[in-house]
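Colleague: I'd like to ask you about the structure that follows.
The values are calculated or read from the model by the stated rules, or taken from the named source; none is laboratory data. Being a predicted model, the structure only gives us computed values, none of them experimental. All Cβ positions, even for glycine, are placed from backbone atoms using ideal geometry, and neighbour counts span all protein chains on display. Side chains included, ligands, DNA and RNA excluded: accessible areas come from the protein's heavy atoms. Shrake-Rupley method; radii C 1.70, N 1.55, O 1.52, S 1.80 Å.
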Amino acid sequence: MRQHKLALCKDHFLDWVPEQVEHTIRRYHMFTHPDKLLLAVSGGKDSLSLWDILYRLGYVVDGLYIGLGIDGGVRYSDASLEYAQLFAQDRNLNLHVVDIVAEYGESIIELAIRTHRGRYKPCSVCGLTKRHVMNRFARQNKYYAILTGHNLDDEAAILFGNTISWVGSYLLHQAPVLEANRPGLIRKAKPLCRIYEREMAAYALLRGITYIQDECPYATGSTSLYHKAILNKLESDRPGTKLSFYLSFLQAKRNGLFSPSVDQKVESIHTCPECGQPTSAPGRCAFCRMLVPVEEIPEFSQSKGAS
Ligand code: Q46
Ligand code: ZN
């Protein structure tokens with residue numbers, strides 16, 4: 001690991017990774033051993049490896065798999081679920097499954113097409129749905145925190161994208177822990193935020209974890225993959241670039257470089273009358289607005305009228 005000026009054998013590497021994760025959990029006050037934790041499991045290497053690491057560290061963590069109904073010619077959702085189920089069964093862990101089609105009657109793709117929010121790239125609908133379902137499930141089942149398998153490469157790519165477009169509100173909210181700062185909102189934490197993607201791939205391989213190798217078919221050509229490729233080039237020329245980029249950003253935040261605007265400070269707290277989840281504006285939350293028939297969506301009727 002050139003970025004750490006460190007070379008480890010298999011056994012020491014497999015001890016080193018959990019030590020680093022434990023350090024991150026404590027450093028950012030993410031959670032403690034008695035807390036009831038829910039991990040978003042995709043069937044990929046990061047979430048399954050994180051589950052393995054937390055299990056080895058003695059945390060009690062349940063998994064939540066969200067079935068998005070994505071096929072893409074590779075049975076993407078079905079195959080991911082099989083890997084997640086296999087992992088949980090082998091270790092006697094508790095995996096919850098929320099199937100979007102069974103629950104809401106439409107797949108992510110169908111939702112995106114019906115609401116005209118990305119016929120070819122359903123990612124914004126997908127992100128909104130996953131955030132909604134994770135929070136709802138964790139709230140209803142009284143979990144203390146939702147954990148996700150975002151690694152350092154993911155975080156550095158998000159930071160890079162937000163920095164080159166200077167999206168202040170996103171920069172303000174990017175952190176290893178997102179506090180439960182509104183009633184009904186569950187705390188979120190990213191225990192792998194300081195671990196490189198390559199290190200996670202090595203960990204999964206050395207621990208014999210089988211995971212879905214296919215990317216989601218809609219990830220192809222995404223901006224975040226493009227940003228990752230740029231950061232990989234920087235990292236290969238100057239090992240440690242991604243880590244210092246991310247850690248320096250967190251330090252800058254601690255130094256007060258980003259602070260909420262007056263509007264953000266007084267952001268109101270409302271409860272969606274449909275699902276009971278917290279929302280920043282009165283009325284239905286963004287997810288419930290997406291579920292209503294399209295002719296009832298004001299912005300859609302207006303744009304139809306305008307054209
Ligand atoms: S957002 Fe887009 Fe991902 Fe959803 S549709 Fe696939 S690529 S899974 S993290
Ligand atoms: Zn709602």
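Colleague: Of the residues Gly63, Gly105, Gly149, which exhibits the maximal mean-square fluctuation in a Gaussian network model of the chain defined by a 10 Å Cα contact cut-off?
Modeller: Gly105
Colleague: When every alpha-carbon pair in segment 184-270 is counted, what percent end up more than 18 Å apart?
Modeller: In whole percent, the long-distance tail amounts to 68.
Colleague: Amide H of Gly67 versus every other amide H placed in the peptide plane: which residues, excluding those fewer than 5 positions away on the same chain, fall under 5 Å?
Modeller: Hits under the 5 Å cutoff: Val98, Asp99, Ile100.
Colleague: Rg and Dmax in Å for segment 97-215, alpha carbons only: what are they?
Modeller: Rg and Dmax of segment 97-215, Cα atoms, are 16.5, 44 Å.
Colleague: Just to make sure I understand: if all protein chains stay in place, what is the order of Lys121, Lys10 by accessible area at 1.4 Å, largest first?
Modeller: Ranked list, largest accessible area first: Lys10, Lys121.
Colleague: So, one more: Convert each backbone phi in segment 27-42 into a coupling constant with the Karplus relation 6.51 cos²θ - 1.76 cosθ + 1.60 (shift: θ = phi - 60°), then list the ³J(HN,Hα) values in order as whole Hz, x for Gly and Pro.
Modeller: Here the 3J(HN,Hα) series is 4, 9, 6, 6, 5, 10, 4, x, 5, 8, 10, 10, 9, 6, 10, 9 Hz.
Colleague: So what is the relative contact order of the chain, in percent, for Cα pairs below 8 Å that sit 6 or more residues apart?
Modeller: 21
Colleague: So what's the angle, to the nearest 10 degrees on a 0 to 90 scale, between helix 197-206 and the longest Cα principal axis of the chain?
Modeller: 60
Colleague: Can you figure out the FRET efficiency of His270 with His116, using R₀ = 25 Å and their beta-carbon distance, to the nearest 0.05?
Modeller: Rounded to the nearest 0.05, the efficiency is 0.50.
Colleague: Right, another one. Per residue of segment 151-163, in order, report the coupling 6.51 cos²θ - 1.76 cosθ + 1.60 (Karplus, θ = phi - 60°) as ³J(HN,Hα) in whole Hz, putting x for Gly and Pro.
Modeller: 9, 4, 4, 5, 5, 5, 5, 5, 4, 4, x, 6, 6
Colleague: Where in segment 221-242 does the amide nitrogen come within less than 11 Å of the point 7 Å from the Cα of Tyr170, taken along Cα to Cβ?
Modeller: Output list for this probe position: 223-224.
Colleague: A follow-up question, please. What is the diffusion coefficient of segment 1-134 in µm²/s, taking the Kirkwood radius over Cα pairs and the Stokes-Einstein relation at 37 °C with a viscosity of 0.692 mPa s?
Modeller: Once the numbers are plugged in, D ends up at 195 µm²/s.
Colleague: What nm value, rounded to one decimal, do you get for the distance between Ala281 and Ser222 when each label is placed 7 Å out toward the C-beta?
Modeller: Once both label points are built, they end up 2.6 nm from each other.
Colleague: Moving on. Multiply the residue separation of Arg56 and Asn181 by 0.36 nm, subtract the distance between their alpha-carbon atoms, and state the gained length in nm to one decimal.
Modeller: Stretched fully, the Arg56-Asn181 segment lengthens by 42.0 nm.
Colleague: Another question about this same structure. From the backbone phi of segment 95-109, what are the Karplus-calculated ³J(HN,Hα) couplings (6.51 cos²θ - 1.76 cosθ + 1.60, θ = phi - 60°) in whole Hz, Gly and Pro given as x?
Modeller: 10, 8, 10, 10, 9, 5, 5, 5, 7, 10, x, 9, 6, 4, 5
Colleague: Just name one of Thr115, Ala157, Ala88: the one whose Cα is farthest towards the positive end of the charge dipole of the chain (beta-carbon charges, Lys/Arg +1, Asp/Glu -1).
Modeller: Ala157
Colleague: While we're on this one: In Å, what Rg and Dmax follow from the Cα atoms of the chain?
Modeller: Cα only, the chain: 19.9, 66 Å (Rg, Dmax).
Colleague: Let me ask something else about it. Set the bar at 24 Å for Cα to Cα. Now go through Lys130/Lys233; Lys121/Lys253; Lys36/Lys130 and name every pair that lies beyond it.
Modeller: With Cα atoms farther than 24 Å apart: Lys130/Lys233; Lys121/Lys253.
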